[in-house]
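To start, the structure under review is shown below, and the notes come after it.
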Amino acid sequence: MYRPNLTEKKRLLFGFIMCELVLTLLIGRIFYLQYFRGEEFQKLAYTQQTRDRLIKARRGEITDRNGVPLAKNETVYSISVIYAQINDPEGVAKSLSEVLGLNYDDVLKKVKHRVALERIQTKVSAEKAEEIRNLRLEGVAVDEDVKRVYPEGSLASKVIGFVGKDNQGIIGLEARYDEDLKGSQGKILTETDARGRELNFGKKTRSAPENGKTLVTTLDANLQKYAEQLIENAIEAKSAKRGAIIVMNPQNGEIYAMASKPDFDLNDPFTINDPALAADWDKFSQEEKNNYLNAMWRNFNINDTYEPGSTFKIITSSAGLEEGAVKPDDTFNCGGGREVGGRYIKCWRSPRSHGTETFVQGVQNSCNPVFMDVAARLGADKFYEYMLKFGFDKKTGIDLPGEAVGIMHKKENIGSVELATMSFGQTFQITPLQLLRAASSVVNGGRLITPHIGKEIKTSDGEVWESLDFTSQDRSISKETSDTMRDILESVVYVGTGNKTYIPGYRIGGKTATSEKLPRGNGKYIASFMAFAPADDPQVIALVLIDEPQGVYYGGQVAGPVMKDLLSVGLPYLDVEPEYNEEELANKDIAPYVMEDFTGMKPGEAKTELEKKGMKILTEGEGDRVVSQFPPPGEKININSRVILYL
């Protein structure tokens, strides 16, 4: 019987130990892979054996307060290639480039790209998609896609905003409410072999996308169109640089219209609107192009600041009355200016003067010395305190991105000269919306409302998902001071500098402004007018600004008539009924006119009928028949109102 010697025993033992060790290592490796990396390898296997094709969600619509669509979707298609399924890359590239009008070499490069799925083109029309389907090209996928469209073109472009290639909001409401609007993608899952080829009897599952929710806004499309028409005409008539209009409810902050011109086409937002820039567009660097586009997209009403000028005098007045520093019947003397801190500051009427006048008359006359005196009585600390109470140190909270905030003096830097100039709206800057928010609190009882455009969020089925809440508890002044200010500002329109906005049947309050732009003496101004109605219970407040009007530049003369046209149509349209006093009732020419329906009528015939009533007529479009009108049939409007006929 053979007996291994000691050396052989050692060898056998060593071999046995090595086998045990290898086996232990293998078991340990299997255990490690199974329990520590099993999920990872399962995912890798799943990825290798399946292919995902994403299904885009339909972005939620944006509508006006009456359901008129301002942003919606069109069904389009995306064309993709699956590398593993293509046998003739040159033929596929040739066919796709011809149908889609693309460069052959660019398409071929994508076709030969070794990835599971390569996108060739998105936003393809239904006709081209069907043409590609009929070619029955192996490895070519035609998937349904969505394209964002804006039915009204440039209407409220700087408010609504637009989306990028990935359907993500870039500016405006599209960006602010992107999470609600975008929805979530679905996908088609297909089983494939190791080369990525679809299995004939493999499983195919579809996960449906979740469509985005609808944003209902406070905007009124008709009023927005009218506001844009008015400000565009005013810019053209005065050869102005730009202009803006805001129409808002001063009680709750709902914005009915926010116009800013020049604007741009939402369906083509990357095409510059300036002909001179467009001619040299290819010469600019990408950074320069981006800067010009960003400037085009800016909303003057919230993104830019300016010196408000005399419209700010309502804030100085309110603070003075609230603190008891002035009473309505206090008397002042205007000698054409005031000596303040060794500097002579003129009244706008200088070298003429307003002479002796009460505080109310000083507001009616927009007399600078009166407001300098009121501010001096308040003192810098108290004046600054009211700047904060009216919210000029913070954003209004409007639901639009990119809002600017006022540029104010530091309190410790306010000397007598700074205080005097601040009293009539100079040497600091605010946004137009900041001014309108503060003015709303002056006339609504002293409440600082939050301006907003979002009203409610609805599901794709039309159910209300969320009613948006913008309530605010902040106050600026007492109800008693607010009541007094409404009466004073009504007198400004009835007998003062705002008389060009007087409309029979409506109690309107307001304030004009003519702001000289920096640097002083450059001859550039911003003409503006703030107005509200009815004066005893304000339901509408509006601001008109015209930047750098040529020729006559005074706010009352330039912005006043625009405000009158806006309110004479806007007030009855918003169901604010006229109430005529005895003097007005004696004048039969001011009786309200109920709009007739001119749809289908020739433009000339409709204009003749309206001109008989004393209306001012505007036409928009190039048709030979009236297709719609503003105000719509049945609305009560005043004689001398503007009517737009859409052709």
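Every number in this text was worked out from the coordinates using simple rules, so none of it is lab data. What you see is a predicted model, and the numbers here were worked out from it, not measured in a lab. Cβ coordinates were reconstructed from backbone atoms using ideal geometry, including for glycine residues, and neighbour counts include every protein chain displayed.
Using a cut-off of 30 Å between Cα atoms, the listed pairs Lys110/Lys147; Lys238/Lys612; Lys128/Lys225; Lys500/Lys524; Lys110/Lys182; Lys225/Lys636 include Lys128/Lys225 as exceeding that distance.
Residues Thr316, Thr271 in ascending order of nearby Cβ atoms (within 10 Å, fewest first): Thr271, Thr316. The calculated Kirkwood hydrodynamic radius for the stretch 303-583 is 19.3 Å, given to one decimal from all distinct C-alpha pairs. If R0 is taken as 35 Å, the Cβ-Cβ distance between Gln168 and Arg133 corresponds to a FRET efficiency of 0.75. The relative contact order of the chain comes to 12 percent, based on Cα pairs under 8 Å that sit 6 or more residues apart. Projecting the alpha carbon convex hull of the chain along each direction and taking the average yields 48.0 nm².
Relative to the current alpha-carbon distance between Lys395 and Lys602, full extension at 0.36 nm per residue lengthens the span by 69.6 nm. Applying 1/(1 + (r/R0)^6) with R0 = 30 Å to the Cβ-Cβ distance of Lys283 and Val405 gives a FRET efficiency near 0.25. Quick check: residue separation of Leu647 and Thr24 times 0.36 nm, minus the Cα distance between them. What number comes out in nm? Length gained, Leu647 through Thr24: 215.5 nm. FRET efficiency for the pair Glu609 and Asp461, taken as 1/(1 + (r/R0)^6) with r the Cβ-Cβ distance and R0 = 51 Å, rounds to 0.70.
Along the positive direction of the dipole of the stretch 303-583 (beta-carbon charges: Lys, Arg +1; Asp, Glu -1; about the Cα centre), which of Ser416, Gly509, Val562 reaches farthest? Ranked along the dipole, the leading option is Ser416.
Listed by Cβ neighbour count within 10 Å, with the fewest neighbours leading, Ser80, Ser260 appear as Ser80, Ser260. Using 0.36 nm per residue and subtracting the Cα-Cα separation, the extra length available between Gln550 and Asp265 on full extension is 99.9 nm.
Among residues other than Val159 whose Cβ falls under 14 Å from its Cβ, what is the net charge (Lys/Arg +1, Asp/Glu -1)? Result for the neighbourhood of Val159: -2.
Cβ-to-Cβ counts within 10 Å put Leu117, Leu433 in ascending order as Leu117, Leu433, the fewest first.
Tell me which DSSP H helices of the chain clear both cut-offs, 30 Å or more of axial length from alpha-carbon atoms and a mean Kyte-Doolittle hydropathy of at least 0.0. Length and hydropathy pass: 6-35. The modelled label-to-label distance between Ala276 and Tyr502, using points 7 Å beyond Cα along the C-beta direction, is 4.2 nm. Packing here is the average count of other Cβ atoms within 10 Å per residue, and on that basis the peptides 83-92, 391-400, highest first, run 391-400, 83-92.
Taking only the Cα atoms of the stretch 68-117, the radius of gyration and Dmax are 14.6, 50 Å.
Once both labels are positioned 7 Å from their Cα atoms along Cα-to-Cβ, the gap between Asn290 and Tyr104 label points is 3.7 nm.
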